[in-house]
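Trainee: Can you read through this structure? Questions will come right after.
The values are calculated or read from the model by the stated rules, or taken from the named source; none is laboratory data. Owing to the predicted nature of the structure, the values given are computational and were not obtained by experimental measurement. Cβ placement follows ideal geometry from the backbone for every residue including glycine, while neighbour counts extend to all protein chains displayed.
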């Protein structure tokens with residue numbers, strides 16, 4: 001390693017892309033910049049009422065350029081020449097249709113405003129029907145159950161379900177799309193000039209967790225299985241991939257064109273991409289026995305385990321067990337909740353309805369003052385709710401909630417499920433309801449821990465990162481109490497990008513392994529939330545009531 005080598009971590013999130021410039025020798029984050037997706041911010045191509053969430057590839061390109069340039073602008077002029085590697089993480093599963101040359105359909109004029117020609121964001125649940133058909137076929141087609149390494153349940157948030165949904169509903173996209181690529185595969189391919197779908201290096205992380213890829217059956221599920229789901233999938237497998245790569249692998253070298261566009265040096269290493277949660281877990285310090293929670297709009301819960309620990313065990317109800325998806329040489333295990341911060345955001349939006357609907361109509365203040373007042377109140381709403389709710393005892397309000405407002409991801413994915421709040425009375429206040437929602441998200445987190453423990457996986461420590469972990473003391477303390485475990489919060493507020501930078505450093509040859517990069521570049525912990533023994537005892541009984549409520553309403557939702 002040369003003194004002064006830098007690496008760049010790119011973290012493509014739901015709303016924005018973050019670029020972090022990191023000292024490869026120490027892990028010090030020297031500069032960072034966040035660029036928000038312009039079209040996404042305007043709500044374009046999305047329909048929340050239909051659970052449709054699509055993202056235009058231009059948002060990714062424009063955001064990436066702005067974030068990289070913005071971060072480098074904070075450093076001395078020579079900083080760009082010192083960057084020797086790039087690591088990339090994205091949301092997932094976020095696939096998009098591409099032409100034979102690998103160019104996304106939405107970058108051509110004829111598809112520039114067609115949501116079906118764009119990347120289908122992880123939280124898009126338009127493919128619930130297709131996911132159900134995949135699950136039925138996996139159990140009844142007469143051969144291998146190809147969901148067995150994906151927790152035994154295929155989700156509408158994943159690769160094949162989303163593709164089939166679009167193929168059925170948009171003949172123009174169906175005719176034009178030669179292949180499909182995950183967002184985390186497209187960005188490295190673009191930067192290295194290897195966009196051809198047959199040549200680009202596909203992520204082991206994305207393929208194993210979301211596309212039913214496994215070495216046991218030679219890669220993706222075979223053609224004869226796919227066409228039993230729908231003949232429209234016929235032929236697509238041959239235009240996808242067989243081999244996959246772990247994220248410590250060099251995807252290629254940065255092209256001169258993109259080097260000039262970003263202010264970097266041509267030829268530097270670009271690592272194979274992976275999902276944000278998996279790289280965030282690495283950035284947060286994951287090791288065997290640690291469960292890392294990436295806590296934002298949703299959660300991803302990540303563990304790693306030695307192959308001999310897992311053996312032939314199939315862990316049901318999670319989002320996959322994949323060799324090398326997190327750290328090469330270890331089995332990566334993923335679970336999560338489809339809504340966490342989104343549950344709190346929903347309640348804030350609910351309470352803010354009068355501000356949006358009535359304040360613009362008032363004649364008591366001018367429109368500009370009204371807009372400022374609305375922004376101030378909305379900005380203070382969640383912090384004040386959290387402050388008030390912190391003074392309420394766990395069993396004081398008599399309320400119980402289910403956190404399935406965006407369906408359930410783990411245990412056992414089911415996006416048809418709905419949330420609930422029971423026990424409401426005329427004395428139920430906004431802070432009491434908010435506390436019940438916070439507790440519900442913590443109960444959902446405990447259900448994930450219990451699923452792992454039931455399969456014999458020991459959870460020695462819990463590490464948290466992301467916006468909720470760093471900003472909401474109430475949510476974190478309730479979580480520690482419900483889990484009955486201390487929770488360490490990663491010191492970096494850009495842990496996913498830091499993890500990506502670690503992979504960039506390994507791909508550039510600066511470290512021999514991801515573990516070696518973690519030792520030198522790790523961020524440590526900012527604080528630890530310690531469970532309150534009195535609340536631990538209270539939540540033990542309340543968690544059982546949450547499980548009972550879930551069982552009753554789960555059957556209810558499936559009957560209607």
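Trainee: Can you tell me which of 232, 220 is in contact with a helix residue (DSSP H, G or I) (Cβ under 9 Å, 6 or more places away or on another chain), assigned by TED's automatic domain parsing to the domain that holds residue 262 and farther than 21 Å from residue 322 by Cα?
Mentor: Values: 220 fails: farther than 21 Å from residue 322 by Cα.
Just a single option satisfies the conditions, and that option is 232.
Trainee: Please give the helices (runs of 4 or more DSSP H) falling wholly within segment 449-560 in which 3 or more residues are closer than 19 Å to residue 327 by Cα. Reasoning before the result, please.
Mentor: On the way: elements: 467-471, 473-483, 495-507, 514-521, 533-559.
By residue number, 495-507, 514-521.
Trainee: Right, another one. So residue 378 clears everything in (1) within 28 Å of residue 439 (Cβ to Cβ); (2) over 33 Å from the mean Cα position of the chain (by Cα) except one condition, right? Which one?
Mentor: (2)
Trainee: Could we say that residue 90 is surrounded by fewer than 24 Cβ atoms within 10 Å (Cβ to Cβ) and either in contact (Cβ under 8 Å) with a residue 24 or more places away in the chain or touching a strand residue (DSSP E or B) at 6+ places or on another chain (Cβ under 8 Å) (or both) here? Don't jump to the end; show me each part of the working.
Mentor: Working: surrounded by fewer than 24 Cβ atoms within 10 Å (Cβ to Cβ): no; either in contact (Cβ under 8 Å) with a residue 24 or more places away in the chain or touching a strand residue (DSSP E or B) at 6+ places or on another chain (Cβ under 8 Å) (or both): yes.
When the stated conditions are applied, residue 90 does not pass them.
Trainee: Only one of 43, 13 is assigned by TED's automatic domain parsing to the domain that holds residue 58, free of Cβ contacts under 8 Å to residues at least 12 places away in the same chain and either under 24 Å from the mean Cα position of the chain (by Cα) or closer than 18 Å to residue 508 by Cα (or both); which? It would help to see each step written out before you state the result.
Mentor: Details: 13 fails: free of Cβ contacts under 8 Å to residues at least 12 places away in the same chain.
After applying the criteria, what remains is 43.
Trainee: Scanning for something in contact (Cβ under 8 Å) with a residue 60 or more places away in the chain, farther than 30 Å from residue 250 by Cβ and under 19 Å from the mean Cα position of the chain (by Cα), does segment 448-460 turn up at least one residue? Let's see the steps before the verdict.
Mentor: Step one: of segment 448-460, the residues in contact (Cβ under 8 Å) with a residue 60 or more places away in the chain are 448-449, 451-452, 455-460.
Checking the rest, the ones that are also farther than 30 Å from residue 250 by Cβ come to 448-449, 451-452, 455-460.
Checking which are under 19 Å from the mean Cα position of the chain (by Cα) leaves us with 448-449.
Yes: segment 448-460 contains one or more residues that are in contact (Cβ under 8 Å) with a residue 60 or more places away in the chain, farther than 30 Å from residue 250 by Cβ and under 19 Å from the mean Cα position of the chain (by Cα).
Each row is one residue, and each column tells you yes or no for (1) part of a helix (DSSP H, G or I); (2) assigned by TED's automatic domain parsing to the domain that holds residue 454; (3) surrounded by 15 or more Cβ atoms within 10 Å (Cβ to Cβ).
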| site | (1), (2), (3) |
| --- | --- |
| 370 | yes, yes, yes |
| 373 | yes, yes, no |
| 386 | yes, yes, yes |
| 416 | no, yes, yes |
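Trainee: In segment 464-484, which residues are surrounded by fewer than 24 Cβ atoms within 10 Å (Cβ to Cβ), more than 25 Å from residue 549 (Cβ to Cβ) and modelled with pLDDT of 95 or more?
Mentor: 473
Trainee: Touching a residue at least 24 places away in the same chain (Cβ under 8 Å), within 24 Å of residue 274 (Cβ to Cβ) and under 17 Å from the mean Cα position of the chain (by Cα): is that true of residue 123 in this structure? Give the steps one after another, and end with the answer.
Mentor: Details: touching a residue at least 24 places away in the same chain (Cβ under 8 Å): yes; within 24 Å of residue 274 (Cβ to Cβ): yes; under 17 Å from the mean Cα position of the chain (by Cα): yes.
Answer is yes for this residue.
Trainee: Inside segment 177-193, can you point out the residues that are within 18 Å of residue 269 (Cβ to Cβ) and surrounded by fewer than 20 Cβ atoms within 10 Å (Cβ to Cβ)?
Mentor: 193
Trainee: Next up: Test each condition in (1) more than 30 Å from residue 305 (Cα to Cα); (2) touching a helix residue (DSSP H, G or I) at 6+ places or on another chain (Cβ under 9 Å); (3) without any contact (Cβ under 8 Å) to a residue 60 or more places away in the chain; (4) surrounded by fewer than 17 Cβ atoms within 10 Å (Cβ to Cβ) for residue 427 and report the one that comes out false.
Mentor: (2)
Trainee: With respect to the numbered conditions (1) in the same structural domain as residue 443 (by TED's automatic domain parsing); (2) more than 19 Å from residue 488 (Cα to Cα), which one is the sole condition not fulfilled by residue 507?
Mentor: That leaves (1) as the condition not met.
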